[in-house]
Structure formats: structure tokens, C-alpha cells
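Okay, so here's the structure we're looking at.
The values are calculated or read from the model by the stated rules, or taken from the named source; none is laboratory data. All values reported here derive from a predicted model rather than from experimental measurement. We place every Cβ from the backbone using ideal geometry, glycine too, and count neighbours over all the protein chains shown. Just the protein is used for accessible areas: all its heavy atoms, side chains included, with ligands, DNA and RNA removed. Shrake-Rupley method; radii C 1.70, N 1.55, O 1.52, S 1.80 Å.
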Amino acid sequence: GKPVDLHMNAEDSTATGFSGCNRYTGSFSNKGPSTHGTPIKFGPLAGTMMACAEGGDLEQAYLQVLADTDAYRLQGGELVLMSGGDVVATFKRR
């Protein structure tokens, strides 16, 4: 019932959030090439290991999206994550 979220701290290049069942934490880097946005790479990410009756499939898909992300754009107050030029996730600032 709770949506996935992503919190990024530019000062220490850390990412934390909720992935559908568990909380996760890790790092991100803005290094590397990109032709479709500002480069970004997440990982490694570590998560809690709660057993959840629901949300496991969503969690695995979401964590794979983060692993595959190679660029981002800021558009109209939203963070747009991209992989190979395709938009894979969009987050609104809170």
C-alpha cells in the first residue's frame, strides 16, 4: 500500500528509500558518459530483508530499474530516470 520512494543526498552521494517491501540504502555516482541526460549510476544498494506477502515483484522490478539507470533529467520539478534513452521512472519532489 505504500509507494516506492527515492531520497538522494548530493553531499555524500547516497540514495535511500522504500522499494515496495523493504528499505534500501546505497550510493550513486554522476560519472560516465550519457547522450540522453546527465549521467548517473546507482549501486551498490543494500536492503533490509523483511518477508512480505505482497510487494516482492514490484520491489525486484524497481531495484532492477535503479540498477539499469544510466542518466537522469530534471523536468518541471520532477526527477526522470532513464536507461538507454528510455524513461524508466519519474519522481515528484516532496
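A simple spin-label model places pseudo-atoms 7 Å from Cα toward Cβ; at Lys2 and His36 they are separated by 3.2 nm.
Within the shell of other residues whose beta carbon sits under 13 angstrom from the beta carbon of Tyr24, the net charge comes to -1, with Lys and Arg scored +1 and Asp and Glu -1.
Residues in the chain average 65 Å² of solvent-accessible surface per residue, probe 1.4 Å, ligands and nucleic acids excluded. One decimal place: the segment Asn9-Ser29 gains 6.1 nm when fully extended, by the rule 0.36 nm per residue minus the C-alpha distance. Accessible surface of region 24-75, 1.4 Å probe: 59 percent of it comes from carbon and sulfur atoms. To the nearest ten degrees, helix 56-68 and the longest principal axis of the Cα atoms of the chain are 20 degrees apart. Using a simple spin-label model with points 7 Å from Cα along the Cα→Cβ vector, what separation in nm is obtained for Glu78 and Ala46? Inter-label distance under the simple model: 3.4 nm. Which of rounded, prolate, oblate describes the chain, given a ≥ b ≥ c as roots of the alpha-carbon gyration tensor eigenvalues and a/c under 1.5 marking rounded, otherwise prolate only if a/b is larger than b/c? Prolate is the answer for the chain, as a/c is 1.5 or above and a/b outweighs b/c. Give me the percent relative contact order of the chain, please, defined on Cα pairs under 8 angstrom at least 6 residues apart. Relative CO of the chain lands at 21 percent.
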